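The structure appears below as structure tokens.
The values are calculated or read from the model by the stated rules, or taken from the named source; none is laboratory data. Since we're looking at a predicted model, the values are computed, not measured. In this analysis, Cβ positions are derived from the backbone assuming ideal geometry, glycine residues included, and neighbour counts consider all displayed protein chains.
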Amino acid sequence: MKKAIFIDRDGTIIAEPADEQVDSLEKLSFVPGAIGGLRALTGLGFELVMVTNQDGLGTPSFPEKDFLPPHEKMLQTLAGEGVVFDDILIDRSFPHENLPTRKPGTGMLGKYLDGSYDLGASFVIGDRETDLQLAAALGAKGILIGAKKGWAAAVEQIRSSERHATVVRKTRETDITLELDLDGKGASQVDSGVKFLDHMLDQLVHHGGISLQLSCKGDLEVDEHHSIEDIAICLGEALKQALGDKRGIERYGFSLPMDESRATVLLDFGGRAELVWDVNFTREYVGDMPTEMFKHFFKSLSVAAACNLYIEARGENNHHIAEAVFKAFARALKQAVRRDIFSYELPSSKGSL
């Protein structure tokens with residue numbers, strides 16, 4: 001389904017003068033951070049829709065040839081920065097008429113109420129209580145721009161909301177529900193059915209800065225293999241979904257020591273899957289997890305996430321070796337998914353990942 005960000009104009013994109021009338025170019029100025037904020041919202045899969053109760057901008061007659069009224073000048077300036085609105089809705093009634101087309105009424109937004117838009121995943125950005133009321137009427141999320149929250153925080157809220165994924169996998173062998181948030185929002189709880197794997201996945205949460213909810217019911221009476229493999233597949237799919245188009249991420253990612261052990265994990269979310277594994281265990285099990293399954297776990301994850309992984313580890317204690325690998329992977333993950341919220345460049349010279 002389609003998603004939209006409905007954005008107020010006066011007080012949100014452009015600053016309102018004392019008389020609340022931007023009726024000349026001399027009065028036209030942008031709210032701090034608005035241009036960069038709008039630019040950072042492009043390419044996220046949202047339609048940008050301007051919604052305003054105030055006509056005002058540019059309605060006076062300007063006899064001078066080629067003289068741009070304020071509204072057109074605003075749009076021209078934004079377009080020059082790569083910001084083009086998919087729709088512009090202006091209510092031209094007088095405030096005292098209180099028509100349903102005026103915010104917080106939804107009369108202007110009829111085409112967005114036809115069921116083709118996921119309004120629950122959409123946003124309204126404004127500077128007044130009526131904008132939050134409009135969000136509530138639509139069933140969308142409301143963000144108020146003002147002294148407590150500027151454009152940078154608003155953009156972070158929206159972009160972070162896109163960095164989560166839920167994967168459900170049901171087969172004859174496993175029943176898995178996995179929820180991932182790359183920005184660590186929300187509580188984490190892991191129940192894989194394999195206690196040592198739970199311990200390792202906890203390292204991803206604490207050292208990777210992510211939030212992870214995992215429930216797995218597998219055929220452990222047969223073997224641990226199906227549960228471990230399918231959890232890795234779900235985790236890889238969730239990473240791929242949560243990264244979206246990967247704009248602004250670091251892409252690459254870490255070596256660390258743990259007691260007598262050391263581990264190196266090199267990670268690339270470049271869209272190709274490969275695992276190079278150089279880890280030697282001297283025991284068949286660590287806890288209740290077969291050591292042969294560590295390689296298989298990361299191989300399944302790399303395929304599902306479409307990432308390249310190089311993992312090397314050395315040490316004496318098998319528990320330490322395994323934990324060093326997962327901690328190093330967590331730190332590599334944290335580094336690779338780190339994102340500049342105002343960057344919309346793909347980390348690739350090819351222009352696609």
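Here are some notes:
- Cβ-Cβ under 8 Å pairs, at least 6 apart or on other chains, segment 220-233 side assigned by TED's automatic domain parsing to the domain that holds residue 303 and buried (at least 16 other Cβ atoms within 10 Å of the Cβ), far side assigned to a helix (DSSP H, G or I) and of a type in the set (Phe, Trp, Tyr): 228/297; 229/297; 231/297; 232/297; 232/298
- Among the residues making up segment 166-190, those that are at pLDDT below 90 and small (Gly, Ala, Ser) are 184, 186, 187.
- Complete set of residues in segment 13-30 that are under 29 Å from residue 43 (Cβ atoms), touching a helix residue (DSSP H, G or I) at 6+ places or on another chain (Cβ under 7 Å) and either part of a loop (DSSP other than H, G, I, E, B) or charged (D, E, K, R) (or both): 13, 22, 28
- Hey, residue 326 crowded, with 22+ Cβ neighbours inside 10 Å, at pLDDT 95 or above, out of contact with any strand residue (DSSP E or B) (no Cβ under 8 Å at 6 or more places or on another chain) and closer than 21 Å to residue 236 by Cα or not: yes
- Candidates 46, 30 - the one that is among the aromatic types (Phe, Trp, Tyr), more than 23 Å from residue 139 (Cβ to Cβ) and modelled with pLDDT of 75 or more: 30
- Within segment 39-53, considering residues that are in contact with a Phe, Trp or Tyr (Cβ under 8 Å, 6 or more places away or on another chain) and in a helix (DSSP H, G or I), the one farthest from residue 79 (Cα to Cα): 40
- Residues located in segment 8-30, provided they are touching a Gly at 6+ places or on another chain (Cβ under 7 Å) and either surrounded by fewer than 20 Cβ atoms within 10 Å (Cβ to Cβ) or under 16 Å from residue 123 (Cα atoms) (or both): 8, 12, 21, 23
- Checked against (1) at pLDDT below 90; (2) over 30 Å from residue 210 (Cα atoms); (3) out of contact with any strand residue (DSSP E or B) (no Cβ under 9 Å at 6 or more places or on another chain); (4) not charged (D, E, K, R), residue 147 passes all but condition (2).
- Residues that are crowded, with 21+ Cβ neighbours inside 10 Å and either touching a Cys at 6+ places or on another chain (Cβ under 7 Å) or not in a helix (DSSP H, G or I) (or both) within segment 132-145 comprise 140, 143, 145, listed in sequence order.
To keep it simple, each residue is scored yes or no on (1) of a type in the set (D, E, K, R); (2) surrounded by 15 or more Cβ atoms within 10 Å (Cβ to Cβ).
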site: 147; (1), (2): no, no
site: 155; (1), (2): no, yes
site: 163; (1), (2): yes, yes
site: 171; (1), (2): no, no
